[in-house]
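Let me begin by presenting the structure, written as structure tokens, before commenting on it.
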Amino acid sequence: MILLDTHILISLLIAPENLSPKAKKVILEVCGSGMLAISAISLWEIAWLAENKRIDVHVSVSSFVKRCASYVQILPITQEIAVRSVQFP
């Protein structure tokens with residue numbers, strides 16, 4: 001399974017030319033296999049970025065978030081992830 005960073009998924013959908021050829025190749029090879037994932041918080045981040053005009057999605061925020069979610073598995077934020085995320089320096 002490949003866990004994508006929020007910005008990688010956004011780049012894949014909005015500006016794939018910004019991804020390295022190697023990254024694009026690996027992602028596209030597994031796309032549709034159920035082997036791509038993002039953290040659930042990434043959907044919130046994508047919605048926030050679109051709503052606050054930090055990314056230009058050319059569709060409604062809802063439509064873009066739905067499109068993003070359709071390409072990947074959404075992994076929950078577990079208790080362990082929540083605790084560890086606030087322990088970084």
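Just so you know, all these numbers are worked out from the coordinates, no wet-lab data involved. Remember, predicted model here, so these are calculated numbers, not experimental data. Positions of Cβ are backbone-derived with ideal geometry, glycine not excepted, and every protein chain shown enters the neighbour counts.
Here are a few things to note about the model shown:
- Partner lysines whose Cα lies under 22 Å from the Cα of Lys66, excluding those fewer than 8 positions away in the same chain, are identified as Lys24, Lys53.
- Mean residue ellipticity (222 nm) of the chain, computed from DSSP H runs ≥ 4 via -39,500 (n - 2.57), nearest 500: -15500 deg cm²/dmol
- Hydrophobic, long helices, defined as DSSP H runs whose alpha-carbon span along the helix axis is 27 Å or greater and whose mean Kyte-Doolittle value is at least 0.0, do not occur in the chain.
- Proximity of backbone amide H atoms, modeled 1.01 Å from N, is registered between Ser39 and Leu75 at under 5 Å, excluding neighbours fewer than 5 places apart on the same chain.
- Here the dipole of the chain is about 120 debye; that uses its Cα centre as origin and unit charges on the Cβ of Lys and Arg (positive) and Asp and Glu (negative).
- Descending by average beta-carbon neighbour count within 10 Å, the peptides 78-86, 47-55, 28-36 line up as 47-55, 28-36, 78-86, the highest first.
- log₁₀ of I(q)/I(0) at q = 0.13, 0.14 Å⁻¹ - the chain, Debye sum with one point per alpha carbon: -0.46, -0.53
- Against the rule of thumb 2.2 N^0.38 Å, how large the Cα Rg of segment 1-46 comes out: 1.09
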